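Worksheet: the structure to be examined is printed underneath.
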Amino acid sequence: MTKPLEGIKIIDFTHVQAGPACTQLLAWFGADVIKVERPGSGDVTRNQLRDIPDADALYFTMLNSNKKSLTLDTKKPEGKEVLEKLIRESDVLVENFGPGALDRMGFSWERLNELNPKMIVASVKGFSDGHHYDDLKVYENVAQCAGGAASTTGFWDGPPTISAAALGDSNTGMHLAIGILTALLGRDKTGKGQKVAVSMQDSVLNLCRVKLRDQQRLERVGYLEEYPQYPHGEFGDVVPRGGNAGGGGQPGWVLKCKGWETDSNAYIYFTIQGHAWEPICKALGKPEWIDDPAYKTAEARQPHIFEIFKTIEAWLANKTKFEAVDILRKFDIPCAPVLTMKELANDPSLRASGTIVEVPHKKRGSYLTVGSPIKFSDMKPEVTASPLLGEHTDEVLAGLGYSKQEIFNLREVKAV
Ligand code: CAO
């Protein structure tokens, strides 16, 4: 089958993580993504945290698969001219420069819309347009702090904490991809392009939706019954950090398994789902808890939830995290081992599903990456290597009608 986004041409003016994650996703699904990079240096991540001296860093290769690379100095008049040609025949331009950079380059939304009224112009910024911080440059952890994730992550007696998941970067890229696809569908109806903007703060906050729920509940009733602070601790006037408590109505915690003394990941996440209480008691060998009024309901259990978790940990003491889950799954208890990156990298199920893929690369040899987390019945997105810097410059320029001599001339003035 032809891929659904085949025929959609995207100018990928992105760098670092938030923008590249978006355009990589669109490339997996068939879009022709041309990454425009500064001659000589390219995306800064090509050089960041290198593990092989002369080869593109994994930071770059894992966020730029399936793309083409065109080097172009868009501050030089010759480079601007090439970009204008590209804009005239592209469907989407995606960028995540610092505030105002595209305008300073001479490509404001008005200008882009004038050059190609059908083009969708998609941007990531740290804060939304008009926000009182909209002049700030933003990286991942800054966004996690600005979007409410840091103040609500971690333990109550520790500082605000950053998640390892890229809530500010890749998450914002995924939001932008949804915006772009929506605008493409819109264009089918109206014939017009539009500007799509996503801020990192908004994208983080969107994922912290339940914490805004909790803020309102706290203001109304003064406590949050599913947090570890309830009923013995104190609540202030802001949503506290809840450690490893469940975010919904199901209490849960990270519990020690056999070997935790030496293995920092010998843990499972255990959820006490209300209707699973009976199977939990059976699995733990505590049938007497099933009808005991002190344990029978979620409300009754909450005051001594940590005593219950301790009992479960005693049960787990002679079971590895994998053995424990193998027993608990038979009782339909929502749980999972705490998996390390090493375990995930070697997980046969993730390899089989295409979620972890091995990609051959011209300079690096093979490397592992995360493939499409979205699965389709009629398409298996194939991951191909990220491009070398400027690998497709000649091909893209020839496609725009430039002759060999003209390409040579562009090289002479260092525009490509
Ligand atoms: N040719 C010539 N110039 C180019 C170019 C090209 N091909 N590509 C980029 N540039 C220039 C831009 O025009 C800009 O120049 P000016 O600042 O002189 O106008 C400059 O390179 C890029 O600026 P920047 O602000 O984007 O880069 P930075 O390294 O200073 O900041 C970042 C990086 C990520 C903080 C900033 O881009 C940003 O805030 N982006 C929006 C939020 C975002 O996406 N952050 C997530 C990054 S992932 O962690």
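The values are calculated or read from the model by the stated rules, or taken from the named source; none is laboratory data. No experiment lies behind these values; they were computed from the predicted model shown. Here the Cβ is made from the backbone with ideal geometry for all residues, glycine too, and neighbour counts use every protein chain on show. Calculation scope for accessible area: heavy atoms of the full protein, side chains included, ligands and nucleic acids excluded. Shrake-Rupley method; radii C 1.70, N 1.55, O 1.52, S 1.80 Å.
Please determine, by comparing only the residues of the range 142-161 that are assigned to a loop (DSSP other than H, G, I, E, B) and within 16 Å of the ligand (Cβ to nearest atom), which one is farthest from PHE127 (Cα to Cα).
Let us first name the residues in the range 142-161 that are assigned to a loop (DSSP other than H, G, I, E, B), namely 147-149, 153-161.
When the remaining residues are screened for being within 16 Å of the ligand (Cβ to nearest atom), the result is 147, 149.
Numbers: GLY147: 10, ALA149: 15 Å.
Among those residues, the one meeting the criterion is ALA149.
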How many residues, within the range 258-275, are part of a helix (DSSP H, G or I) and touching a helix residue (DSSP H, G or I) at 6+ places or on another chain (Cβ under 7 Å)? 1
Checking LEU205 against (1) surrounded by fewer than 19 Cβ atoms within 10 Å (Cβ to Cβ); (2) of a type in the set (A, V, I, L, M); (3) over 18 Å from the mean Cα position of the chain (by Cα); (4) closer than 26 Å to ASP134 by Cβ, the condition it does not meet: (3)
Take the conditions within 16 Å of the ligand (Cβ to nearest atom) and either more than 20 Å from VAL44 (Cβ to Cβ) or among the hydroxyl-bearing types (Ser, Thr, Tyr) (or both) and apply them to ALA183. Does it pass? no
Complete set of residues in the range 153-178 that are open to solvent by less than 20 Å² (accessible area, probe 1.4 Å) and more than 16 Å from the chain's Cα centre (by Cα): GLY154
Odd one out for GLU226 among (1) open to solvent by less than 40 Å² (accessible area, probe 1.4 Å); (2) charged (D, E, K, R); (3) under 30 Å from THR182 (Cβ atoms): (3)
Within the range 76-91, can one find any residue that is within 11 Å of the ligand (Cβ to nearest atom) and within 21 Å of the chain's Cα centre (by Cα)? no
Lone qualifier among ARG46, ARG50, ARG88, ARG104 - being without any contact (Cβ under 8 Å) to a residue 12 or more places away in the chain and either closer than 24 Å to VAL196 by Cβ or open to solvent by less than 50 Å² (accessible area, probe 1.4 Å) (or both): ARG104
Only one of these conditions is not met by LEU70: (1) within 15 Å of the ligand (Cβ to nearest atom); (2) of a type outside the set (Ser, Thr, Tyr); (3) under 30 Å from the mean Cα position of the chain (by Cα); (4) open to solvent by 30 Å² or more (accessible area, probe 1.4 Å). Which number is it? (4)
